[in-house]
1. Do any residues in segment 136-148 that are under 17 Å from Asp119 (Cβ atoms) have Cβ atoms under 8 Å from those of residues that are of a type in the set (Val, Ile, Thr), where the two are at least six apart or on different chains, and which pairs are they?
2. Out of segment 131-157, which residues are in contact with a Ser or Thr (Cβ under 9 Å, 6 or more places away or on another chain) and either of a type in the set (D, E, K, R) or at pLDDT 95 or above (or both)?
3. Restricting to segment 53-108, and then to whatever is at pLDDT 95 or above and of a type in the set (Phe, Trp, Tyr), can you tell me which residue is farthest from the chain's Cα centre (by Cα)?
4. Among the residues of segment 131-161, count how many are open to solvent by 80 Å² or more (accessible area, probe 1.4 Å) and either more than 14 Å from the chain's Cα centre (by Cα) or of a type in the set (Ser, Thr, Tyr) (or both).
5. Which residue pairs have Cβ atoms under 8 Å apart, sit 6 or more places apart or on different chains, and have a first residue in segment 57-84 that is in contact (Cβ under 8 Å) with a residue 60 or more places away in the chain and open to solvent by less than 70 Å² (accessible area, probe 1.4 Å) and a second that is part of a loop (DSSP other than H, G, I, E, B) and not charged (D, E, K, R)?
6. Output the number of residues of segment 97-114 satisfying the condition of being in a loop (DSSP other than H, G, I, E, B), open to solvent by less than 50 Å² (accessible area, probe 1.4 Å) and either farther than 17 Å from Asn130 by Cβ or of a type in the set (Lys, Arg) (or both).
7. Name the single residue that is modelled with the highest pLDDT among those in segment 115-130 being exposed (fewer than 15 other Cβ atoms within 10 Å of the Cβ) and either of a type in the set (S, T, N, Q) or part of a strand (DSSP E or B) (or both).
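The values are calculated or read from the model by the stated rules, or taken from the named source; none is laboratory data. Being a predicted model, the structure only gives us computed values, none of them experimental. Every residue, glycine as well, gets a Cβ built from its backbone with ideal geometry; the counts of neighbours run over all protein chains shown. The area values use the complete protein model at the heavy-atom level, side chains included, leaving out ligands, DNA and RNA. Shrake-Rupley method; radii C 1.70, N 1.55, O 1.52, S 1.80 Å.
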Amino acid sequence: MKSFIATYCKALLRVTVLTVTALFGLCSCTGNYKKTVTSVEEMTLTLRGMRGGFVYKLEQMDDKTKLCYYREVYSNSETDLELLRSADCDRQGIIAIMNECAVMCWDGFHGKHPKNVQDGIMFTFKAAVNGGNELYADGSANFPKGYREFVEALNKMLEGK
């Protein structure tokens with residue numbers, strides 16, 4: 001009788017865990033319902049590697065939004081940003097790219113540096129979206145899904161494509 005009860009309890013626990021996991025999946029980025037960006041107030045993506053750092057940043061200038069690309073320059077123990085490229089951009093275009101690359105799913109991502117990888121790119125992503133909701137993600141040679149496509153789309157915007 002005890003083994004029957006133990007087996008029954010284990011089976012019930014498995015069903016409960018699977019049900020709860022499935023329910024959470026429906027409301028997360030991996031489920032059918034995808035979280036979307038409806039507005040973007042701020043966005044900064046910083047990349048650092050062996051040869052220095054670079055920053056993509058959305059900046060509001062008068063009534064225009066600019067996507068700026070900077071190089072970090074170190075001098076006298078301080079970091080300054082040197083503008084390399086910029087482009088006027090449409091906020092709706094940025095929002096579309098953010099949704100295509102599922103940046104809402106990046107929130108809380110921390111990509112640990114893979115074992116046996118000697119160097120690589122470190123990134124930090126910060127954004128204020130949907131009326132001030134803060135998104136934060138970082139990683140070292142380990143990136144969230146859609147990251148490479150996001151950087152590629154930002155570069156195309158800077159090139160005017």
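1. Asp138/Thr124; Ser140/Ile121; Ala141/Val117; Ala141/Ile121
2. Those that are in contact with a Ser or Thr (Cβ under 9 Å, 6 or more places away or on another chain) and either of a type in the set (D, E, K, R) or at pLDDT 95 or above (or both): Tyr136, Ala137, Asp138.
3. So, considering only residues that are at pLDDT 95 or above and of a type in the set (Phe, Trp, Tyr), the one farthest from the chain's Cα centre (by Cα) is Tyr70.
4. Qualifying residue count, segment 131-161: 4.
5. none
6. Final tally of qualifying residues: 1.
7. Taking the candidates together, the pick is Asn116.
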